[in-house]
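Peer 1: This is the structure I want to talk about, given as structure tokens.
Each value in this text was obtained by applying a stated rule to the coordinates, not by laboratory testing. Not measured: the values here are computed from a predicted model. Virtual Cβ from ideal backbone geometry, glycine too; neighbours counted across all protein chains shown.
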């Protein structure tokens, strides 16, 4: 393992005293330029038949950044990206970072109402979308702040931005505490909250990944999870950029294709959800692929089944499995399972990373002794300063500079953390976080649904499936109708997998709260 960089206390955001890495880039753009200077000839990105070195990527980023400035977009404005796992996501994200624009990566599985809410909530000035997802964009008149809409069709769509580029634009200064991007997380109110990841929060996560996973120049990271999620963005794209590695992009995960690319590109590191590893092992020809270069397999979002651990150890003996725990609000990891410890701690999400301060408290906010359970509060320079224009979310989600995780866990004498429950009502479907109330709010608008409750149903591959319990008004309903109604209004992974129709209203306690414990169980 690499030596830990020097650490010192600093004041961030004018109110938080946290431990920071003393030697770090001044901004994401500064870090990228340092990598270009040191590793310019290395391949930075592989996107199907497109391969760009760091020097070529830098030129592309520079042209797009100059074009955005020339078109009148200014530091602090929000630019939404409705782009999947393709090169343009990276070039546009880095271009925005270079000039202080705030990227708003959108999930390509989002539907029009969800996208319209996000664009209006942060007042996006521009949206850049792939043609295949453009049908989910709201009418421009419904988002008054929008000044530009750019559609990527194949290699086309960035022409207006490129054509506007000129050398004499005024380049703004970018501070490390400036907001880098807004990543929207679902909330218990059903309305997404825009977590403000800053340059400095993301930089610390990049360094944590470098140190904790022993990342190095020449590593090849595989982007199989969405680039718009904190894992894909920080754990793969930006972590590889930080060390001078290569990001190999996969548009959509397919186990066979993943294995073919892993062999051809000689991948060394991945961060995926356990379901993806399981699907790879289910591929009949798994043992025929040469995966000897694969060194690190990070995972999170769900425990890794013991059988999966054993099979990976047997077929890829050089592979180190490392569980990571974190969130959008922590700019990715807060804990990491040290290399070589998964056999002794298969149910642990690891130990707190060097700058992560994890305090486990009881219902009264008092720290509990090692071995006792409580809610995790997470502090450190990786923790975001708050949510975009959401004081209520800030008040509930943060206290004294710590993020209130809503997760119940235990930390033992050696600092190993186990997550044992979720205080928040959330479903984890193959790594995608779904708050039940989001789905329940949609079902409440169905003309023939009186009430509905949504819970997670255990699933061997996905971890959990979305299970809706529906009480209707007597009109004949069927599961396909309910699913179609939700599919028009929600991301596809939020659509109920299972629908159970009830002949009586939902059971409630004395306070009127639905007794979801009575609903959870076999489908």
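Peer 1: Which shape class, rounded, prolate or oblate, goes with segment 40-157 when its Cα gyration tensor gives a ≥ b ≥ c as root eigenvalues, a/c under 1.5 marks rounded, and past that a/b bigger than b/c marks prolate?
Peer 2: Note, shape of segment 40-157 comes out oblate.
Peer 1: What list do you get for 199, 9 if you sort them by fewest beta carbons within 10 Å?
Peer 2: Final ranking by Cβ density, sparse to dense: 9, 199.
Peer 1: Separate question: What is the fewest-to-most order of 142, 193 by other Cβ atoms lying within 10 Å of their Cβ?
Peer 2: 142, 193
Peer 1: What shape does segment 426-518 have by the C-alpha gyration tensor, where a ≥ b ≥ c are the square roots of the eigenvalues, rounded means a/c under 1.5, and otherwise prolate means a/b greater than b/c and oblate the rest?
Peer 2: Since a/c reaches 1.5 but b/c is at least a/b, the shape of segment 426-518 is classed as oblate.
Peer 1: In nm, give the distance between the simple-model label positions of residue 515 and residue 147, each being 7 Å from the Cα along the Cα-to-Cβ direction.
Peer 2: Distance between label points: 5.8 nm.
Peer 1: With the Cα gyration tensor of the chain giving a ≥ b ≥ c as the square roots of its eigenvalues, does the rule (a/c under 1.5 for rounded; else a/b larger than b/c for prolate; else oblate) give rounded, prolate or oblate?
Peer 2: rounded
Peer 1: Measuring from label point to label point, each 7 Å out along Cα→Cβ, what is the residue 448 to residue 475 span in nm?
Peer 2: So the two model labels end up 0.6 nm from each other.
Peer 1: How long are the semi-axes of the equivalent ellipsoid of segment 202-271, taking √(5λ) for every eigenvalue λ of the Cα gyration tensor, in whole Å from largest down?
Peer 2: Ellipsoid semi-axes (Å, largest first): 20, 14, 8.
Peer 1: If each residue's Cβ is checked for other Cβ atoms within 10 Å, how do 519, 119, 180 rank with the fewest at the top?
Peer 2: Result, fewest neighbours first: 519, 119, 180.
Peer 1: Once R0 is set to 60 Å, what does the formula 1/(1 + (r/R0)^6) return for the Cβ-Cβ distance between residue 363 and residue 263, expressed as a FRET efficiency to the nearest 0.05?
Peer 2: Computed FRET efficiency for residue 363 and residue 263: 0.70.
Peer 1: Further question on the same structure: Where does the chain land at 222 nm, in deg cm²/dmol rounded to the nearest 500, when only DSSP H runs of n ≥ 4 count, each adding -39500 (n - 2.57), divided by all residues?
Peer 2: So the calculated ellipticity at 222 nm is -7500 deg cm²/dmol.
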